[in-house]
Amino acid sequence: MASKILIIGACGQIGTELTMALREKVGRNNVIASDIREGNEELMASGPFEIADATSFEQIKELVEKYGVDEIYLMAAMLSATAEKHPMKGWALNMESLFHVLNLAKDKKVSKVFWPSSIAVFGPTTPKQNTPQTTVMEPSTVYGISKQAGERWCEYYFNKYGVDVRSIRYPGLISYKTLPGGGTTDYAIEIYHEALKNHKYTSFLKKDAELPMMFMDDAIRATISLMEAPAKSVKIRSSYNLSALSFTPHTLAESIKAHIPEFEIDYAPDFRQEIADSWPSSIDDSRAREDWGWKPEFDLRKMTSAMLEGIKDVHHV
Ligand SMILES: NC(=O)c1ccc[n+]([C@@H]2O[C@H](COP(=O)([O-])OP(=O)(O)OC[C@H]3O[C@@H](n4cnc5c(N)ncnc54)[C@H](O)[C@@H]3O)[C@@H](O)[C@H]2O)c1
């Protein structure tokens, strides 16, 4: 029998595309999407969907039992910019949901867990260029603190209870199918929409704020390939560094100008610049490459073409 997968937070930026990709791969009825709200039409029409709150152990357990779930992808979380505004709520959602899923795996209700971490686990004292897998980690945001604590708990559950948990430190993810959910790298998505609509954009990050980024197709491919890797290849059980490209608002704008010459950008940095300042500029992902064969496919030029085409197609701009 095919294994049953539960996605929690399936209607978000990553969850939507992950759900569609997994349904394509293992069959629509083997992937149960869940969220506290309904998702876009395509997602809702493509297979089973349940409303469930990730902070309720009972609700998640009920879904696992109802569908005979054996793998969970936990995508529900409060992201960096929003969590700075609601610190306690962010902490509660990010930590409680993770414990519920880890405890279900500890009790052998499910056999494998994916939980996303982030480059936000790093902080102002971390080396900024080519940030190593193992290095100083003193995150200064609520979100980063929750992700770092989460990584420690994942590794603890693996070591103490044999829980097969796998994780990636995603960089900023760029996509066009679903709007982003309140992160510091959201500018790199808004910019494409505004370039097509109004030919200008005001960036909430500075001209030279360089951050690690990745096109969504690469992120989905990485996630699924980490989950498919033999357990013995997954040597890091906190979370893997993962990298594709790094750019600044200025270099991103230049890549858009190659398609839309009249595009103009200006800069009005807000509180999110401080968050960006605390994060790395580029990431060393050699462990992911060595352990489970990771290799990105999208560079800046390819991503910009895909974003502009994708937004025109999906949003009819
Ligand atoms: N998008 C990025 O650039 C990025 C980068 C690094 C890490 N991540 C991580 O990846 C994961 C998914 O991120 P995303 O960008 O898709 O986020 P998102 O905000 O777009 O989606 C999160 C989803 O979780 C749902 N949700 C919120 N509270 C819930 C609850 N109590 N119960 C059930 N569902 C709930 C929301 O409705 C939403 O659909 C998060 O853990 C995030 O920290 C994302």
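The values are calculated or read from the model by the stated rules, or taken from the named source; none is laboratory data. Values in this document were obtained by computation on a predicted structure and should not be read as measured data. Here the Cβ is made from the backbone with ideal geometry for all residues, glycine too, and neighbour counts use every protein chain on show.
With respect to the stated conditions, residue 140 is away from the ligand (no atom under 13 Å from the Cβ) and in contact (Cβ under 8 Å) with a residue 40 or more places away in the chain. Evaluated against (1) more than 30 Å from residue 273 (Cβ to Cβ); (2) among the charged types (D, E, K, R); (3) more than 19 Å from the chain's Cα centre (by Cα), residue 85 falls short on exactly one condition, (1).
Within the stretch 38-54, restricting attention to residues that are in a strand (DSSP E or B) and not acidic (Asp, Glu), the residue that is farthest from the ligand (Cβ to nearest atom) is 49. Residues in the stretch 121-132 include at least one that is within 21 Å of residue 185 (Cβ to Cβ), more than 12 Å from the ligand (Cβ to nearest atom) and assigned to a strand (DSSP E or B). Within the stretch 295-315, does at least one residue satisfy the condition of being surrounded by fewer than 19 Cβ atoms within 10 Å (Cβ to Cβ), over 19 Å from the mean Cα position of the chain (by Cα), part of a loop (DSSP other than H, G, I, E, B) and in contact (Cβ under 8 Å) with a residue 60 or more places away in the chain? Checking the stretch 295-315: not a single residue is surrounded by fewer than 19 Cβ atoms within 10 Å (Cβ to Cβ), over 19 Å from the mean Cα position of the chain (by Cα), part of a loop (DSSP other than H, G, I, E, B) and in contact (Cβ under 8 Å) with a residue 60 or more places away in the chain. Listed by first and then second residue, the pairs with beta-carbon distance under 9 Å, at least 6 apart or on different chains, first residue in the stretch 245-259 and over 16 Å from residue 202 (Cα atoms), second acidic (Asp, Glu), are 245/299; 246/210; 247/210. Kindly evaluate residue 151 against the criterion of being modelled with pLDDT of 95 or more, surrounded by 16 or more Cβ atoms within 10 Å (Cβ to Cβ) and more than 16 Å from the ligand (Cβ to nearest atom). Considered against the rule, which asks whether it is modelled with pLDDT of 95 or more, surrounded by 16 or more Cβ atoms within 10 Å (Cβ to Cβ) and more than 16 Å from the ligand (Cβ to nearest atom), residue 151 comes out as no.
Which pairs do you get when a residue that is within 29 Å of residue 251 (Cβ to Cβ) and modelled with pLDDT of 95 or more, found in the stretch 206-232, comes within reach of a residue that is of a type in the set (Lys, Arg) and part of a strand (DSSP E or B), reach meaning Cβ atoms under 9 angstrom, with the pair 6+ apart or on two chains? These pairs meet every condition: 223/166; 226/166. If you filter the stretch 75-120 down to residues that are among the charged types (D, E, K, R) and more than 13 Å from the ligand (Cβ to nearest atom), you find that the one that is surrounded by the most Cβ atoms within 10 Å (Cβ to Cβ) is 84.
Restricting attention to the stretch 9-37 and to residues that are over 19 Å from residue 175 (Cβ atoms) and within 15 Å of the ligand (Cβ to nearest atom), the residue that is surrounded by the fewest Cβ atoms within 10 Å (Cβ to Cβ) turns out to be 36. Residues that are within 14 Å of the ligand (Cβ to nearest atom), surrounded by fewer than 19 Cβ atoms within 10 Å (Cβ to Cβ) and closer than 21 Å to residue 170 by Cα: does the stretch 57-71 have at least one? Within the stretch 57-71 (the criterion being within 14 Å of the ligand (Cβ to nearest atom), surrounded by fewer than 19 Cβ atoms within 10 Å (Cβ to Cβ) and closer than 21 Å to residue 170 by Cα), the answer is no, since none of the residues qualifies.
The residues in the stretch 101-136 that are under 20 Å from residue 90 (Cβ atoms) and within 19 Å of the chain's Cα centre (by Cα) can be counted, and the count is 11.
In the stretch 171-198, the residue that is nearest to the ligand (Cβ to nearest atom) out of those that are under 16 Å from residue 218 (Cβ atoms) and among the aliphatic types (A, V, I, L, M) is 173. With the structure loaded, tell me whether residue 101 is in contact (Cβ under 8 Å) with a residue 40 or more places away in the chain and not small (Gly, Ala, Ser) or whether it fails that test. Here the answer is yes, as residue 101 does meet what is asked. Say whether the condition of being within 14 Å of the ligand (Cβ to nearest atom) and within 14 Å of the chain's Cα centre (by Cα) is met by at least one residue in the stretch 230-240. Within the stretch 230-240, one or more residues are within 14 Å of the ligand (Cβ to nearest atom) and within 14 Å of the chain's Cα centre (by Cα).
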